[in-house]
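Peer 1: Shown below is the structure under consideration.
The values are calculated or read from the model by the stated rules, or taken from the named source; none is laboratory data. Note that the coordinates shown come from a computational prediction; the quantities given were computed from them, not determined experimentally. So basically every Cβ, Gly included, is an ideal-geometry build from the backbone, and we count neighbours across all protein chains shown.
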Amino acid sequence: MRTTIATLALLLLAPLPAGAAPATERAVPEGAPDGLAVTGYALPSTPPEVIGRDAGALTTVTVAAVSLRPDGASVTRPDDRVAALVESTHAVGLRAELLVGNYSDRLGGFDPDALSALLSSDAHIGAVADRLAALVRAGGWDGVNVDLELVRRRDSRGLVAFVTALRERLSDTASVTIDVSASSTSSAYLSRGYRMAELAAVVDAIQLMAYDQHGPGWSGPGPVGGLPWVEKSVAAALELVPADKLDLGIAGYGYLWNPDGTGRTLTVKAARNLVGRAGGTARWRAGAGEWSARLSGGRRVWWSDGRSYDARASLAAGLGLRGTAIWRLGSAGPLD
């Protein structure tokens with residue numbers, strides 16, 4: 001899932017499904033043809049036909065389904081659109097994971113206070129885990145993806161307790177995965193609230209969000225997740241967790257920077273179209289493994305597309321990682 005500021009305007013949280021048996025009884029996917037498990041994140045608004053189009057490149061679809069409420073003791077009600085996504089996912093033989101996050105529409109970003117209210121209370125942890133397990137059973141989901149961001153270091157043990165509570169309440173065939181913001185040193189993971197080894201001992205996979213290295217609002221123009229930074233972040237994570245528990249998160253989007261530092265998120269198609277309309281030239285930056293362009297008026301664009309994905313998937317395969325996870329379906333363009 002997208003991390004911190006970068007998720008603004010993208011995470012429209014909602015839904016839960018009705019009926020539909022799990023797509024598979026495997027807790028961990030066998031993997032796509034290249035041997036990697038491949039997760040595609042989806043919003044409730046993702047058209048079901050996008051899942052059908054990309055099915056051959058995926059093993060799991062993770063849908064942003066519910067959000068933590070401000071009290072940290074409950075989650076929002078899923079909306080009806082998610083049921084169609086679960087059905088479409090299972091129809092093409094893929095697993096469907098329910099994503100629970102702490103993104104707040106009210107704040108326009110992730111809510112660390114709600115998260116702290118959850119992770120600092122055994123009662124809240126139990127109540128939320130109970131509710132998520134019930135949603136999984138009722139909606140025919142194959143597991144839960146935990147996208148709780150801006151974790152305070154003092155809440156790191158609570159995060160381990162939360163995924164443990166989920167694991168205890170779900171069936172043996174259901175998966176539990178967790179999204180972790182990438183850091184380029186092993187010590188930084190704990191500083192950001194992630195007890196990586198303890199999390200890896202509980203979950204089926206840690207999905208490393210190796211993107212948003214640069215973005216308007218928090219940095220000047222630069223790669224969304226340049227290869228050197230990605231490699232350092234993966235190496236740091238591998239000091240703490242086994243390779244077969246790690247998925248490499250990959251961007252399928254880009255950013256536009258205006259001269260004043262403001263900007264916006266772009267889908268891959270929108271980035272290409274913008275450069276074309278502006279009469280700019282897209283240049284492949286081999287070192288970063290991404291595209292960039294300079295536009296009139298001092299504007300800059302960087303984006304990560306299918307070529308970028310291939311470079312990172314090769315890295316993941318070469319390091320023996322469990323798989324990849326792309327944010328997000330639809331924005332990234334066709335995956336085949």
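Peer 1: Could you please give the count of residues in the stretch 169-181 that are assigned to a loop (DSSP other than H, G, I, E, B) and touching a residue at least 24 places away in the same chain (Cβ under 8 Å)?
Peer 2: Counting residues in the stretch 169-181 that are assigned to a loop (DSSP other than H, G, I, E, B) and touching a residue at least 24 places away in the same chain (Cβ under 8 Å) gives 4.
Peer 1: Looking only at the stretch 187-215, count every residue that is touching a Leu at 6+ places or on another chain (Cβ under 7 Å) and either β-branched (Val, Ile, Thr) or farther than 22 Å from Ala161 by Cβ (or both) and tell me the total.
Peer 2: 2
Peer 1: Could you check how many residues of the stretch 289-318 are part of a loop (DSSP other than H, G, I, E, B), in contact (Cβ under 8 Å) with a residue 60 or more places away in the chain and in contact with a helix residue (DSSP H, G or I) (Cβ under 6 Å, 6 or more places away or on another chain)?
Peer 2: Total satisfying the criteria: 1.
Peer 1: I would also like to ask the following. Only one of (1) in a loop (DSSP other than H, G, I, E, B); (2) surrounded by 24 or more Cβ atoms within 10 Å (Cβ to Cβ); (3) among the hydroxyl-bearing types (Ser, Thr, Tyr) is not met by Tyr41, so which one is it?
Peer 2: (1)
Peer 1: A further question follows. Looking at the stretch 284-310 only, could you name the residues that are over 27 Å from the mean Cα position of the chain (by Cα) and among the basic types (Lys, Arg)?
Peer 2: Those that are over 27 Å from the mean Cα position of the chain (by Cα) and among the basic types (Lys, Arg): Arg294, Arg299.
Peer 1: Still on this structure, please answer the following. Considering each of Gly101, Gly108, Gly40, Gly52 in turn, give the residue that is on the phi > 0 side of the Ramachandran plot and in contact (Cβ under 8 Å) with a residue 40 or more places away in the chain.
Peer 2: Gly108
Peer 1: Condition first: crowded, with 18+ Cβ neighbours inside 10 Å and part of a loop (DSSP other than H, G, I, E, B). Now tell me which residues in the stretch 77-89 satisfy that.
Peer 2: Of everything in the stretch 77-89, just one residue is crowded, with 18+ Cβ neighbours inside 10 Å and part of a loop (DSSP other than H, G, I, E, B), namely Pro78.
Peer 1: Sticking with this one: Can you find a residue in the stretch 321-330 that is over 12 Å from Gly252 (Cβ atoms) and not in a strand (DSSP E or B)?
Peer 2: Looking for residues that are over 12 Å from Gly252 (Cβ atoms) and not in a strand (DSSP E or B), one finds at least one in the stretch 321-330, hence yes.
Peer 1: Another question, if that's okay. Residue check: is Leu170 surrounded by 24 or more Cβ atoms within 10 Å (Cβ to Cβ), touching a strand residue (DSSP E or B) at 6+ places or on another chain (Cβ under 9 Å) and modelled with pLDDT of 95 or more?
Peer 2: Answer is no for this residue.
Peer 1: Another question, then. For the stretch 235-251, indicate whether the set of residues that are assigned to a loop (DSSP other than H, G, I, E, B) and over 22 Å from Asp179 (Cα atoms) is non-empty.
Peer 2: no
Peer 1: If I go through the stretch 182-213 residue by residue, how many of them are more than 17 Å from Arg322 (Cα to Cα), of a type outside the set (Val, Ile, Thr) and either without any contact (Cβ under 8 Å) to a residue 60 or more places away in the chain or in a strand (DSSP E or B) (or both)?
Peer 2: So the count comes out to 14.
Peer 1: With Ala129, Ala138 as the choices, which residue is touching a helix residue (DSSP H, G or I) at 6+ places or on another chain (Cβ under 9 Å) and assigned to a helix (DSSP H, G or I)?
Peer 2: None of the others qualify; the one that does is Ala129.
Peer 1: Residues Asp80, Asp71, Asp54: which one is modelled with pLDDT under 95, over 24 Å from Val203 (Cβ atoms) and not aliphatic (A, V, I, L, M)?
Peer 2: Selected residue: Asp80, the only one of Asp80, Asp71, Asp54 that is modelled with pLDDT under 95, over 24 Å from Val203 (Cβ atoms) and not aliphatic (A, V, I, L, M).
Every residue, every condition in (1) touching a Phe, Trp or Tyr at 6+ places or on another chain (Cβ under 6 Å); (2) more than 22 Å from Gly249 (Cβ to Cβ); (3) of a type outside the set (A, V, I, L, M, F, W, C), yes or no:
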{"position": "Val50", "(1), (2), (3)": "no, no, no"}
{"position": "Val66", "(1), (2), (3)": "no, no, no"}
{"position": "Pro70", "(1), (2), (3)": "no, yes, yes"}
{"position": "Leu98", "(1), (2), (3)": "yes, no, no"}
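Peer 1: How many of the residues making up the stretch 269-286 are within 29 Å of Tyr189 (Cβ to Cβ) and not in a loop (DSSP other than H, G, I, E, B)?
Peer 2: 1
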